[in-house]
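Colleague: Structure in structure tokens, see below.
What follows is calculated from the coordinates using simple rules that are stated; it is not laboratory data. The model shown is predicted, which means the values in this text are computed figures rather than measured ones. Note that each Cβ is placed from the backbone with ideal geometry, even for glycine, and that neighbours are counted across all protein chains shown.
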Amino acid sequence: MAIRAEPEVDWTDDELAAADHLRAASDRVLAECAKVIVGQQEVLEQLLVALLAQGHALLVGVPGLAKTLMIRTLADSMTLSFNRVQFTPDLMPSDITGTEMLQEDRTTGQRAFRFLHGPIFANVVLADEINRTPPKTQAALLEAMQERQVTVAGHRHPLPNPFFVLATQNPIEQEGTYPLPEAQQDRFMFTITVGYPSEDDEFRIIEATTSAARPQVHRVVSGEELLLMQTLVRKVPAAGYVIRYALKLARLTRPHAQNGEPPDPNVPDFVKKYVTWGAGPRAGQNLILAAKARALLRGRTYVAIEDVKAVTFPVMRHRVITNYNAEADRITPDEIVRRLLALVPRDAQ
């Protein structure tokens, strides 16, 4: 069914046609991924939403849940370059960003420094087990993720466009790991929890992966198409009450006064008891951007409250920092977000 805008949304026929194309292209990408990935449709859609909203994503799950395979398959379904970096304790920043090497020109005999690109110079970069490497190397990703460039020896090197960092993390094996600092976690638009498959899906996984058949993933979206899709997402209007709703969700996670201003008087008691630091302004930005991408995937050219609710958990769970009281009472960030969603009215003012 073709996408149609609400009457008050002024979209041209070309823009509506582009929105229809975006939805069809997204459906093709998900169909190609389904050839290889059994189940995990919600995870795949969240990855696609982050990609369309020009955000990065962190996948958290135990080993064997196809986190790496999902990322590789998503890249294979598009005309995008892909690099995988296995993070280890001995990995150096230059191993990711690249380094300058002294090379000699055989024809002239002159020597000059030449920059050799690291694996981060790709459209899709998989940072596998990102918490396995020291903070110095983790920080090498910060500039790349935020500024989409790398600075080496005083020279700036722009990264390819589009650029998308997908990182994985094992939540159960914490010995010899280096937890990501909050500043770096905030660079990720989404933290996506990858759970165990259902019994039927697990049966299909075992059946498919132990046979001789190897499904072929076709490239169904070009890099140029993806850039146009990302541009179109930014054009989706969000009504004031929708932005106010996302703003309220973020502000109610902040239990303390900031910059001399008192905290929001409506901050609930459970936030004051269990939260040390709440979500910053980037949370509200990412809620709206991700909601815009989801709205287009759902066939709408406007953002609804349901779109914001659907992306609240992956946007907020790594931005709500809980304290010892929460750990003692087994209250997780997801539980805090769940209570806030039940508390904040749809017509938040």
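Colleague: Share of Cα-Cα pairs in the stretch 281-349 beyond 14 Å, in percent?
Modeller: Roughly 63 percent, rounded to a whole number.
Colleague: What's the exposure ranking of Ser198, Ser94, going from fewest to most Cβ atoms within 10 Å?
Modeller: Lowest count first: Ser198, Ser94.
Colleague: Going by C-beta contacts inside 10 Å, put Met229, Met92 in order with the fewest on the left.
Modeller: Fewest to most other Cβ atoms nearby, the residues stand as Met92, Met229.
Colleague: Quick one: dipole size for the stretch 275-349, taken about the Cα centre, charges +1 on Lys/Arg Cβ and -1 on Asp/Glu Cβ, in debye to the nearest 20.
Modeller: 300
Colleague: Each residue of the stretch 67-75 in order: what ³J(HN,Hα) in whole Hz does its phi give by Karplus 6.51 cos²θ - 1.76 cosθ + 1.60, θ = phi - 60°, with x for Gly and Pro?
Modeller: 4, 5, 5, 4, 5, 5, 5, 4, 5
Colleague: When DSSP beta bridges are limited to those with both residues in the chain, what percentage is antiparallel, rounded to the nearest 5?
Modeller: Roughly 45 percent of the DSSP beta bridges within the chain come out antiparallel.
Colleague: Roughly how many debye, to the nearest 20, is the charge dipole of the stretch 116-175 about its Cα centre, given +1 on each Lys and Arg Cβ, -1 on each Asp and Glu Cβ, and no other charges?
Modeller: In total the dipole reaches around 280 debye.
Colleague: For the chain, report the translational diffusion coefficient in µm²/s to the nearest whole number, using Stokes-Einstein at 37 °C, 0.692 mPa s, and a Kirkwood Rh over Cα pairs.
Modeller: Rounded, D is 150 µm²/s.
Colleague: Enumerate the calculated ³J(HN,Hα) couplings along the stretch 329-341 in order (Karplus 6.51 cos²θ - 1.76 cosθ + 1.60, θ = phi - 60°), each rounded to whole Hz, writing x wherever the residue is Gly or Pro.
Modeller: 8, 6, 9, 9, x, 4, 5, 4, 5, 4, 5, 5, 4
Colleague: Please work out the C-alpha center-to-center distance from the stretch 184-227 to the stretch 127-161 and express it in whole Å.
Modeller: 25
Colleague: Could you give the size of the charge dipole of the chain about its Cα centre, using +1 on the Cβ of each K and R and -1 on the Cβ of each D and E, expressed in debye and rounded to the nearest 20?
Modeller: Roughly 480 debye, rounded to the nearest 20.
Colleague: With just the Cα atoms defining each centre, how far is the stretch 269-329 from the stretch 77-96? Give it in Å.
Modeller: Cα centroid to Cα centroid, the span is 28 Å.
Colleague: FRET efficiency for Leu247 and Glu199, Cβ-Cβ distance as r, R0 = 45 Å, nearest 0.05?
Modeller: With a Förster radius of 45 Å, E is 0.65.
Colleague: Which residue, Gly240, Leu116, Ser198, has the largest displacement toward the positive end of the dipole of the chain when charges sit on each Cβ (Lys, Arg +1; Asp, Glu -1)?
Modeller: Gly240
Colleague: Further question: With runs of 4+ DSSP H residues as the only contributors, calculate the mean residue ellipticity of the chain at 222 nm using -39,500 (n - 2.57) per run, divided by the residue total and rounded to the nearest 500.
Modeller: That comes out to -13000 deg cm²/dmol.
Colleague: Follow-up. Just to be sure I understand: with springs between alpha-carbon atoms less than 10 Å apart, which residue in Thr12, Thr68, Thr312 has the highest mean-square fluctuation in the Gaussian network model of the chain?
Modeller: It is Thr12.
Colleague: Give me the one-decimal nm value for the distance between modelled label points at Leu227 and Ala31, 7 Å along each residue's Cα-to-Cβ direction.
Modeller: Distance between the two pseudo-spin positions: 2.7 nm.
Colleague: Counting pairs of alpha carbon atoms under 8 Å apart in space and at least six apart in sequence, what relative contact order in percent does the chain give?
Modeller: Dividing the mean separation by the residue count of the chain yields 22 percent.
Colleague: On to the next question. In the chain, if the dipole is taken from +1 on Lys/Arg beta carbons and -1 on Asp/Glu beta carbons about the Cα centre, which of Leu228, Ser211, Gly278 is farthest to the positive end?
Modeller: Of the listed residues, the answer is Gly278.
Colleague: Further, regarding this structure: FRET efficiency for Ile206 and Asp269, Cβ-Cβ distance as r, R0 = 51 Å, nearest 0.05?
Modeller: 0.60
Colleague: Something else: Quick check: residue separation of Asp14 and Arg219 times 0.36 nm, minus the Cα distance between them. What number comes out in nm?
Modeller: 71.3 nm
Colleague: Still on this structure, I have one more. For the pairs Lys67/Lys292; Lys248/Lys292; Lys35/Lys67; Lys248/Lys273; Lys248/Lys272, flag any whose C-alpha to C-alpha distance is greater than 21 Å.
Modeller: In this structure, Lys67/Lys292 lie more than 21 Å apart at Cα.
Colleague: Right, next: Could you check which residue among Gly280, Gly240, Gly98 shows the biggest mean-square fluctuation in a GNM of the chain with a 10 Å Cα cutoff?
Modeller: Maximum among the listed residues: Gly240.
Colleague: For a quick check, take a GNM of the chain with Cα springs below 10 Å and name the residue from Phe121, Phe270, Phe203 with the largest mean-square fluctuation.
Modeller: Comparing Phe121, Phe270, Phe203 in the GNM, the peak value goes to Phe203.
Colleague: Run the numbers on the stretch 134-223 and let me know its relative contact order in percent, using alpha-carbon pairs under 8 Å that are six or more apart.
Modeller: RCO, the stretch 134-223: 26 percent.
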